[in-house]
Structure formats: C-alpha cells, structure tokens
Amino acid sequence: MRKWLTASVADDPADVIKCVFDQAEARDPEHRRTWIVLVDGATAQIDAISAEAAKRNAPIHIVIDFIHVLQYLHQAACILHGDGDNVAVQDAGEHALAVLTGRDEKVADELAAATATRPDADGHKKIGETVTYPRNQHDYLRYDTALPSGWPIAPRRDRGRLPPSGRRQTEHHRSPLVTGRRRSRPQTPCPDLQRRHRNIPGPPPGSRHQRTHRSRYGSQHDR
C-alpha cells in the first residue's frame, strides 16, 4: 500500500492524531498488525496518542525517536567535557549504546552523579534535564525490545515524523501532500558541471547502462 502523509496548521494536535488513527484502522481494521508510534517525547503528545488508542481498543507501542535522545546525551557530554572534545563524543556514544541496550536508568544515575560536580547553575540545570528525560520516559525507551523486533527507532530520511506539536513534518524538498508529486523545476545546465562530466570516463561497452540508457538517450547528452 502506498505511503500516506497528512499535515495541518489549523487543526488541534488531537484532531491530527485522530486522523492518523483513522488511516491506520482503514489499513488494519482488525488490529492484526503491530502498531508502532514514533514520537519526540512530549508528554501531551503521548497522552493524546494513548487516549486515542484506548478509544479504539487498539494496542500500540510508543517509541521515542532515538535522535531526540541523542541530542540530550550530547548536550550533557558537551557540558561535562567541553564542546568538541573527543572525550565528550566518546562519553555520549557510550551512553547512547547503554540506552540502546536497555540501560537508560543507569545512564540517568551516572549523569545525576556527575551533575554534583558542576558548580555553574546553567550546566547543572541542563544536565538535570538529561537526567529527568530518561527517568520520565523510561517506558518509551525500550530500544532493547524495539531493535530485535525490527521496529523503527528513528524516522527515515524519506519519511515524515510527528513532532511535539502533533503535526506531521515532511522533508523540505517534498511537494504538497495533496498531489504527492515533486515540483518540477526548470533544468538549467551548469557549464562548469558539464565540463567536468566530459572528463569522467563512461561505462564499459556492453554494460547495462550502455545497453539501456546510452543507446536510447545518448544523443541528448553527448554534446
């Protein structure tokens, strides 16, 4: 079945979420498939999704976007070790691996202990946010279950995702959702790029590219 996208700048997040559930039930009316809801972690968003699922008696699995978790871990590491420090990168990577393997509570405890060493109030507050996040969202950080099950833990580059506002976002290069087609843009040749292409060796004779492409369209490009 084709991918389906929706968005709204006028409707409430709950209305958009309801619309998403309508589409899901149209595809799986008997709830036989596994329903995964990938979110950014906003409490209001999770509450609205859980409420809509309860109305429909639809079993769902809510998973927080792992990229969002990485942002918190990276922020804490940079405060503790300095932005751009190799130790900070290593520390964030080790904590990320721990979260992926179901040890998010241990990561929160380690960061909480490190917070005591921060004399500045701003750093103390930001690390505290990273500590609070996994503790409050523990039920939705079960990547140790999601990964073996083949569930998504982050949006693909060609997919939209549901931000805290409840409205679906899409890649900036995509066309209006109503048409589902890419906008056509004028093909303006770049002289410098054309000169470079002339110096790139072509595919060997008899290759698939030579048989199916150059034989049909080669005259349009060999200029």
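The values are calculated or read from the model by the stated rules, or taken from the named source; none is laboratory data. Just so you know, these numbers come straight off a predicted model, no measurement behind them. Note: ideal-geometry Cβ built from the backbone for every residue, glycine included; neighbour counts use all protein chains shown. For accessibility, only protein heavy atoms count, side chains too; no ligands or nucleic acids. Shrake-Rupley method; radii C 1.70, N 1.55, O 1.52, S 1.80 Å.
Structure above, values below:
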{"item": "Inter-site label distance for residue 151 and residue 117 at 7 Å from Cα along Cβ, in nm", "result": "3.5 nm"}
{"item": "Percent RCO, i.e. relative contact order, over the range 1-123, from Cα pairs under 8 Å lying at least 6 residues apart", "result": "17 percent"}
{"item": "Fully extended contour minus Cα-Cα distance, from residue 71 to residue 25, at 0.36 nm per residue", "result": "13.3 nm"}
{"item": "Förster radius 30 Å - calculated FRET efficiency between residue 87 and residue 109 (Cβ-Cβ, nearest 0.05)", "result": "0.90"}
{"item": "Under Karplus coefficients 6.51, -1.76 and 1.60, residue-wise ³J(HN,Hα) of the range 76-91 in Hz, glycine/proline x", "result": "5, 5, 5, 5, 6, 10, x, 5, x, 6, 4, 5, 5, 5, 5, 5"}
{"item": "For peptides 37-44, 67-74, sequence by mean Cβ density within 10 Å, most packed first", "result": "67-74, 37-44"}
{"item": "Volume per residue that the Cα convex hull of the range 40-152 spans, once the total is divided by residue count, Å³", "result": "98 Å³"}
{"item": "Accessible surface ranking that places the most exposed of 32, 103, 142, 135 first, with a 1.4 angstrom probe", "result": "32, 135, 103, 142"}
{"item": "Rounded to whole Hz, the Karplus (6.51, -1.76, 1.60) HN-Hα couplings of the range 135-147, x for glycine and proline", "result": "5, 6, 10, 3, 5, 10, 10, 7, 5, 5, 9, 5, 5"}
{"item": "Residue-by-residue Karplus 3J(HN,Hα) for the range 97-103, coefficients 6.51, -1.76, 1.60, Hz, glycine and proline x", "result": "5, 5, 5, 5, 9, x, 10"}
{"item": "Cut-off under 5 Å, modelled amide H: who pairs with residue 63 long-range", "result": "37, 38, 39"}
